[in-house]
Each structure stands twice: as structure tokens, then as C-alpha cells.
């Protein structure tokens, strides 16, 4: 799918797609109401239920990237004057605040230092009766994992909205067991599928509180549900991206055939090997120990450690040009000081970790 298929994508963005996903894009395109496609869509939705570990009937891929999933999660369940407690310890928590504010919500922020996890009790104590509590499970900008299960246990009547874009298929995600009401993800991380869809799930309890006329027509779950669930017959809402659903169906097949637990273990092994290797080279990991994501490692790159007088951006360019390895730079307070290295989906292989660590040995002064 890339103009440079020899590249190893190890940044926070798209991971290298699984070969089965690339093959799926070659399937003939049929109509979005063709019985064959609707059958495949139903299979995809069931696979997403297995991925999310949920029985939610409304579980489907939104036609848009993970950001569309984020917007759908707020416009359908949050309106003017609603109190929404949002945990912020990175870029995507900040985006949640922006989206909720655009819905007219009264946003109550609970901040943690970048690189540190959110305090679940602080989120629960931030307001006595919020409409919703929202946070990012795996913060892509820092490589930090936030705890979810205890929020589900203590949220009371609040809806729990969780961003699972970087977590799903990479670390355990248990929507029903954790009491999550609304969750969304992206295809381009640990699912090993190009960007373009946002896996989404909402509980019956959440749907009972859905806004009847949300501000977005395109993301109105009441209208979309009549197409994706088939209850009472398929009602046309929008033209589904057929080939992307083919790709997601294939990617989910790879993930589920491997087994979720086996996939989590593979990501854990690669992340541990990478993080141990970076520390062995004298580099400092950015995320707090005990809350580091195996699939996304954030590491400080001191200018004084780079060979040949390189700065971090030039060093990343050299990685790309000499070894075909693409990694991401830091954001926010660590822009220009840190890298974000992805071991996600098909990219989470020991050979890629070995290649990166060997290449970095040539970029670092002793």
C-alpha cells in the first residue's frame, strides 16, 4: 500500500499492513447494499465485538478515521450544559476537551504531567454527577497507559467514554468487563490496517441516553444504526467505503486467528526488547515505569548523544533514508527532544526491533 514498501513504519502513525490486508484491497468492489457486502459487514461487526470483548449490538466501523470515532462519541451523547470530566495527559486528551467544548459541554479537566498516568480517583472526585467521564486508554503522544477498570467500577451514573485507538489489539481491552459505555478505535495502529475507519461500540445504557438530533448528520448513530444493524431492514445512510471494510475484515481475521492473548504477548515481547535495548544504550524512557505501552515507546534523545552533530529530526531522516525505518518525533513539551517508536500490528516483530537498535548504534555517540 506504500510507494516505498521496503520501509518499516515504526512511528505513532500507520503501521505496516498485514499481507492479508493488502490482498483484500484487490477484491472487486460491489455496491454498499449488495447482499454479499452486507454479509461481510455483519461478519466485520461480529469480529469487532470479539476484539472489543463486548456484546454491544451497536458495534461497527465508522466511515472515517479515529478522529471521526472521537467526534461520534461526543456529539451523540454530550450536549450544551452537560458536565464532562476529561482526563488530560497528552495531545488526545486535549482533543477530547476541544470536541466536548464544541458540543457545548461544561468541561472539567483533570490533568497529569505528560509522561505520567492519570489518577483514576481524581477523575472520579472531579465532579459529583457528571454526564460523562472521558479519557484516552493509550495516549499516543506519550506512550502512557491509563487505567480504565477502576473508573467503570466507580463512575456511578456517568457514561464512561474511552479512546482505544492505540490500545486495541495491542494490550488488553475489556469493554464489558470494565464497564465502558462508549469506545472508539482506529484501524492504522495495532490492527495493521491502513487508516480510514474507526471501530466503534456503544452500550445499550449509553444508547438509551443518546441525543435524538446530534449536531452532526453524518455521525448520527440513530441514523447509522438503521444501516449497520439491519434492524427493521437496511436503511440507506451513506455510501460505505467498501474496500476499507474488506481490509478491516481481513485485518481482524489475522488478529483473531492469532488470538488476542497471543497478539498482546507478541506486542509485549517486542516492546520490552525495544525498551530494554534503548536503556542499555543509556537513553531515558519518557513514560512512567509500570504504565509504559509496549506498542508505543517514547524515549528522550539528548542532542549531545547524537553522532556527527545531528539533531533529532536529522537523525530520524537518516534512519529513514539509510535503513528505511520511519519513527515519529515528540509532541508538546518534548517536541524536538523525544522519539515515539511504534511496534504495532504486523510491525511488532523482533527482527524490526533488532534492526532499529542496530541502526541507532550508528547514530549515537558512546
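Given the residues 138, 122, which is the only one that is outside the structural domain of residue 327 (by TED's automatic domain parsing) and more than 19 Å from the chain's Cα centre (by Cα)?
Numbers: 138 fails: more than 19 Å from the chain's Cα centre (by Cα).
It is 122.
Looking for something surrounded by fewer than 16 Cβ atoms within 10 Å (Cβ to Cβ), in contact with a strand residue (DSSP E or B) (Cβ under 7 Å, 6 or more places away or on another chain) and not assigned by TED's automatic domain parsing to the domain that holds residue 37 - is there at least one such residue anywhere in region 247-270?
no
Do we find a residue being modelled with pLDDT of 95 or more, in contact with a helix residue (DSSP H, G or I) (Cβ under 9 Å, 6 or more places away or on another chain), under 20 Å from residue 94 (Cα atoms) and buried (at least 18 other Cβ atoms within 10 Å of the Cβ) anywhere in region 298-307?
Yes, region 298-307 has at least one match.
How many of the residues making up region 134-157 are touching a strand residue (DSSP E or B) at 6+ places or on another chain (Cβ under 6 Å) and under 27 Å from residue 329 (Cβ atoms)?
Number of matching residues: 9.
Answer with yes or no whether residue 100 is over 22 Å from the mean Cα position of the chain (by Cα), surrounded by 21 or more Cβ atoms within 10 Å (Cβ to Cβ) and in the same structural domain as residue 224 (by TED's automatic domain parsing).
No; evaluated as a whole, the condition is false for this residue.
Might you let me know whether region 163-171 holds any residue that is in contact with a strand residue (DSSP E or B) (Cβ under 6 Å, 6 or more places away or on another chain) and either under 19 Å from residue 77 (Cβ atoms) or surrounded by fewer than 24 Cβ atoms within 10 Å (Cβ to Cβ) (or both)?
Here is the first cut: in region 163-171, the ones in contact with a strand residue (DSSP E or B) (Cβ under 6 Å, 6 or more places away or on another chain) are 163-164, 166-167.
Okay, now just the ones that are also either under 19 Å from residue 77 (Cβ atoms) or surrounded by fewer than 24 Cβ atoms within 10 Å (Cβ to Cβ) (or both), so 163-164.
Yes, region 163-171 has at least one match.
Can you tell me which of (1) over 19 Å from the mean Cα position of the chain (by Cα); (2) at pLDDT 95 or above; (3) within 25 Å of residue 115 (Cα to Cα); (4) assigned to a helix (DSSP H, G or I) is the one residue 320 doesn't meet?
Residue 320 satisfies every listed condition except (3).
For region 172-186, enumerate the residues that are surrounded by 24 or more Cβ atoms within 10 Å (Cβ to Cβ) and farther than 18 Å from residue 294 by Cα.
175, 180, 181, 182, 183, 184
Quick check on region 1-13. Is at least one of its residues part of a helix (DSSP H, G or I), surrounded by 16 or more Cβ atoms within 10 Å (Cβ to Cβ) and within 16 Å of the chain's Cα centre (by Cα)?
Restricting attention to region 1-13, the residues satisfying the condition of being part of a helix (DSSP H, G or I) are none.
Checked region 1-13: no residue is part of a helix (DSSP H, G or I), surrounded by 16 or more Cβ atoms within 10 Å (Cβ to Cβ) and within 16 Å of the chain's Cα centre (by Cα).
Could you tell me how many of the residues in region 39-66 are touching a helix residue (DSSP H, G or I) at 6+ places or on another chain (Cβ under 8 Å), closer than 19 Å to residue 138 by Cβ and surrounded by fewer than 18 Cβ atoms within 10 Å (Cβ to Cβ)?
Residues flagged as touching a helix residue (DSSP H, G or I) at 6+ places or on another chain (Cβ under 8 Å), closer than 19 Å to residue 138 by Cβ and surrounded by fewer than 18 Cβ atoms within 10 Å (Cβ to Cβ) within region 39-66 amount to 1.
So is residue 160 more than 19 Å from residue 72 (Cβ to Cβ), in contact with a strand residue (DSSP E or B) (Cβ under 7 Å, 6 or more places away or on another chain), outside any loop (DSSP other than H, G, I, E, B) and in the same structural domain as residue 127 (by TED's automatic domain parsing) or not?
On the way: more than 19 Å from residue 72 (Cβ to Cβ): no; in contact with a strand residue (DSSP E or B) (Cβ under 7 Å, 6 or more places away or on another chain): yes; outside any loop (DSSP other than H, G, I, E, B): yes; in the same structural domain as residue 127 (by TED's automatic domain parsing): yes.
Against the criterion (more than 19 Å from residue 72 (Cβ to Cβ), in contact with a strand residue (DSSP E or B) (Cβ under 7 Å, 6 or more places away or on another chain), outside any loop (DSSP other than H, G, I, E, B) and in the same structural domain as residue 127 (by TED's automatic domain parsing)), residue 160 does not qualify.
The values are calculated or read from the model by the stated rules, or taken from the named source; none is laboratory data. None of the values given here were measured: they were computed from a predicted structure. For neighbour counting, all protein chains shown are included, and Cβ atoms are generated from backbone atoms with ideal geometry for every residue, glycine included.
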